[in-house]
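Okay, structure first, notes after.
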Number of protein chains: 2
Amino acid sequence: MPPRFDKDRPLAALIVPDLLELLEQHPESIGPQTEEMHPADLADLAEALPEEYVRAFLNALPRERAAAVLEYLDEELRTQVFEELTTREAASLMAEMTPDERADALEELDEETADEILSALEPAEKAETERLLQYDPYTAGGLMTTEFVAVDENLTVEQALRAVRAMARAGRREAMYTIYTVDTSTRLRGVLSLRELLAAPEGTRMSELAWSDVVSVAPDTLQEEVSRVTSNYDLVALPVVDREKRLLGVVTVDDVIDVIQEEGTEDAQKFGGMEALEEPYMQIGLWQNLRKRGGWLSILAVAQMFTASVMAHYEDDLGRVLLLSQFIPLVMSSGGNSGSQATSLIIRAMALGEVRLSDWWRVVLREVPAGLILGLLLGAIALVRIVVWDAFGLYDYGPYSTTIAFTVGLTLVGIVMVGSITGSMLPFLLKRLGFDPASASAPLVATLVDVSAITLYFGLAYSLLSGKLL
Amino acid sequence: MPPRFDKDRPLAALIVPDLLELLEQHPESIGPQTEEMHPADLADLAEALPEEYVRAFLNALPRERAAAVLEYLDEELRTQVFEELTTREAASLMAEMTPDERADALEELDEETADEILSALEPAEKAETERLLQYDPYTAGGLMTTEFVAVDENLTVEQALRAVRAMARAGRREAMYTIYTVDTSTRLRGVLSLRELLAAPEGTRMSELAWSDVVSVAPDTLQEEVSRVTSNYDLVALPVVDREKRLLGVVTVDDVIDVIQEEGTEDAQKFGGMEALEEPYMQIGLWQNLRKRGGWLSILAVAQMFTASVMAHYEDDLGRVLLLSQFIPLVMSSGGNSGSQATSLIIRAMALGEVRLSDWWRVVLREVPAGLILGLLLGAIALVRIVVWDAFGLYDYGPYSTTIAFTVGLTLVGIVMVGSITGSMLPFLLKRLGFDPASASAPLVATLVDVSAITLYFGLAYSLLSGKLL
């Protein structure tokens, strides 16, 4: 079994047939044979197996390996596995998982199953897990693990190193790269890396060695903020402290990466004009797919019907100058496109913390000139198009072709400005009102701008063409 | 100076006035006073200072602190600082930076300045930096550092630990959490965490202790793939090896987080219908802003002009049944909206590696029923709207109001399907043709679907209303 990462030929596809054979005939050899494989690869393997074999596969692994695999397993499959196991089996696997993953796994189960498993855990593990379960999963408290290394700040380097080695031998697996120093009330006092501890001259006190400027967050800090802080300070672990600065837990960087990717996915889907999915696209069912998309699609369609009333209002004018209809799609979509650009810029800048609510007027100062110049550009293109078509006889725009060209051109100047300003301000407005600024989707901006586009177009046509064609 | 993270009152705003006074009067006290501050906070401070003070501020810090601050400094400001320094000063600061950051900083400078600084480095540092500079910055080679810890696999735990401590004392700062074992030709053989080394029983050989299944990448692996592998295996460091599996360097997780955020920003901006910006939105000038947005906006406007020709084609029909114009915006935007949803789903799933090129038909199998049902939903809403408006006399749709309602409704069924399929397949098509699938923006999909929307609408109107109104 060559356990190498190969993006074109997934490992799982190569091994599954062999594995099924082993499961049938020599399940006892699976543990030794997969000993050197990364649990993430074993999880991929488990996901590629026919469902009825997953439990047998996990049972064939040593318990702590099976627990590690469960940490990487797709959530839905993991929940299914735990529901199939006896409470005793489930609890014994859970006991081997890291505390934060254990809490996450329990959170996904139905309450009854979760309570049964929880009760079957050792008292200390049970208490620790219950403590973690009380935090909102989308906060620092929900992300943190309680497997961290804290030592008394009065220890010497050698004493601290002995303590760290003892903890490492006792099986602490997470958040071991960073060592926190605490006072006698477990208040967080300092931080240093394991590297700095190893490099320190013997006899130094931890309190001298550690950095006293410790970046930390409260347990109710939202996960977006957790990821911003971690990334800003290039941390591998972020300590979570209570009001008295007592160290409660540590958020590790692998969980932060998951958060960043989740948030990116949610924002992308919202910006596409739908509610964020709870699972990967290929795993959701038709019903969830419809539910997450149908809502916004219907709202936007209903909002868009307002344009029908506006169009009806201008119907007589349109009847007199039918060729105005040709450019309705162009002016509408240009407003929407410029709005979509501005919105994507602002939402992303907000997500990364580059733009705050109070920066709205700075953004206006940027978007007004940008919108004006982009509008002039598009207006010029449209003007040239109409004049050229008319000159070469591709379409006869009649005696007032120049006026029509100017109507379309000026509408574009105006609507690109409206689009840029609406698109850039909508995220601010939503944030100010307490909504997620990422809900300012490309379709929403386009729909908002559409009515302006039609009104502006026919309004300009009316003033420029009245007495001529209207 | 309370060096605490506070998102509402940025640290820099509190300290800048004091710092300016110190810089004028007691620059020598700045080093000791800021000793405990995180370099990221010092970089924020430097960015908040008037530009002419930045150099003096960095000069007031001990050299290795100044180098650490430079690693966190905004790229533009950093380039400016290095250009203002003498070659000697610049080289002495660069020497203190981590090798990968040093290469990054040199890459941003103009070639002449970079060459001068490079020549002023110590021969070993110069050679190491030149080696890193030869890799494309958007690949594993461009991201990796050469400050990693590798030990001979034949050492015992105690020997290895002594070697690691010596390296830590010699000032290696990066990638110290993971220890790689190599054979006599520096070929990568195994990996273990510093924790595992500390926990190991004395006398064990490293070759027994290390995991032989080492996830690694080649130097030309693209950064997207680097971030996928790191996140998939929850790594804090990813080794980079050549064809002979010799260890060249290590990509650390903080750089991976930067990559993930950059890629997320690029994808979001592209999906918004523009080219990705090279810098944060608030830092770009008007010209870059226009250039990145104007191109796509013009292309889309030109493409959209095709709808003008299609509309011209149906002008006579429209003249006969003017009220058809009312629903042009609705059918156009509904097609665009459903397309935008489908595109955002697929682009994101591709970015996370959930969907491969060969999965296109699986996506079709999901999008056809989803599009059909969503289309039926919107069609029903539109049908009800027209019938209700007509029944309550809000608008008189004439004797064929039901037929018109069905025309609009059926168009919506069709166009939502067209939108869902176009939107979901466009990223596959672009990827297949070698383009970035993220270029399938919401505006592009909407523009592509617009012509279909108009054609479908007037085509259906013609067949349903011919002999009646047309």
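Treating each Cα of segment B:335-443 as an identical point scatterer and summing with the Debye formula, the log10 of I(q)/I(0) at q = 0.10, 0.11, 0.16, 0.23 Å⁻¹ comes to -0.37, -0.43, -0.70, -1.09. Considering only beta bridges that DSSP places wholly inside the protein assembly as shown, some 75 percent are antiparallel. Exceedance of the 21 Å cut-off in Cα-Cα distance is limited, within the set A:270/A:292; B:270/B:431; A:292/B:292; A:270/A:431; B:270/B:292, to A:292/B:292. Segment A:291-305 and segment A:424-469 have Cα centres spaced 17 Å apart. For segment A:225-267, the relative contact order is 34 percent, taking Cα pairs closer than 8 Å that sit 6 or more residues apart in sequence and dividing their mean separation by the residue count. Label-point distances for residue A:83 to the equivalent site in the other copies, using a point 7 angstrom along Cα→C-beta, read 6.2 nm when ranked shortest first. Residues B:209, A:410, B:433, B:109 ordered from highest to lowest accessible area at a 1.4 Å probe: B:433, A:410, B:209, B:109. Shortest first, residue A:202 label-point distances to identical copies amount to 1.3 nm, with the label point at 7 Å from Cα along Cα→Cβ. When DSSP beta bridges are limited to those with both residues in chain A, what percentage is antiparallel, rounded to the nearest 5? Roughly 75 percent of the beta bridges in chain A run antiparallel, per DSSP. Here r is the Cβ-Cβ distance between residue A:246 and residue B:165 and R0 is 22 Å; the resulting FRET efficiency, rounded to 0.05, is 0.10.
So how much accessible surface do B and A hide from each other in total, probe 1.4 Å, in square angstrom to the nearest 100? Don't jump to the answer; show the numbers that get you there.
Working: alone 25050 and 25010 Å², together 38380 Å².
Buried area between the two chains comes out at roughly 11700 Å².
Considering only alpha-carbon pairs that sit under 8 angstrom and 6 or more positions apart, the relative contact order computed for segment A:249-298 is 30 percent. Setting aside same-chain residues fewer than 8 positions from residue B:126, which lysines have a Cα under 28 Å from its Cα? In chain and number order, the partners are B:245. Treat each spin label as a single point 7 Å out from the Cα along the C-beta direction, and report the residue A:320 to residue A:435 distance in nm. Here the answer is 3.8 nm between the modelled labels. Close amide-amide hydrogen proximity is noted between residue B:190 and B:181, each under 5 Å apart and 5 or more residues distant or on a separate chain (H modeled in the peptide plane; Pro and chain starts excluded).
Model label sites at residue B:368 and residue A:462, defined 7 Å from Cα along the beta-carbon direction, differ in position by 4.8 nm. Nearest 10 degrees is fine. How inclined is helix B:253-271 to the longest principal axis of chain B, computing both from alpha carbons? That helix lies at roughly 20 degrees to the long axis. Compute the long axis of helix A:11-25 from its Cα atoms, compare it with the longest principal axis of the Cα atoms of chain A, and write down the angle in degrees, 0 to 90, nearest 10. Relative to chain A, helix A:11-25 is tipped by roughly 40 degrees. With respect to chain A, whose longest principal axis is taken over its alpha-carbon atoms, helix A:360-391 is tilted by about 50°. In loop segments of segment A:41-121 as defined by DSSP, there are no GluC sites (Glu not before Pro) with at most 12 further C-beta atoms inside 10 Å of their C-beta. In this structure, residue A:205 and residue A:110 have a Cβ-Cβ separation that, at R0 = 41 Å, corresponds to a calculated FRET efficiency of about 0.20. The longest stretch of chain A left intact once loop-based trypsin sites (Lys or Arg not before Pro) with at most 13 other Cβ atoms within 10 Å are removed from consideration, loops following DSSP, is A:8-242. Across segment B:388-452, the mean sequence separation of Cα contacts (distance under 8 Å, 6 or more residues apart), normalised by length, yields a relative contact order of 24 percent. Per residue, the convex hull spanned by the Cα atoms of chain B measures out at 212 cubic angstrom. Mean residue ellipticity at 222 nm, helices only, chain B: -20500 deg cm²/dmol; runs of at least 4 DSSP H residues each add -39,500 (n - 2.57), and the sum is divided by the number of residues.
Shortest first, residue A:23 label-point distances to identical copies amount to 6.5 nm, with the label point at 7 Å from Cα along Cα→Cβ.
The values are calculated or read from the model by the stated rules, or taken from the named source; none is laboratory data. Note that the structure is a prediction, hence the values are computed from the model and not measured. Neighbour counts are summed over all protein chains in view; Cβ atoms, including those assigned to glycine, are modelled from backbone coordinates with ideal geometry. These accessible areas exclude ligands, DNA and RNA; they are computed on the full protein's heavy atoms, side chains included. Shrake-Rupley method; radii C 1.70, N 1.55, O 1.52, S 1.80 Å.
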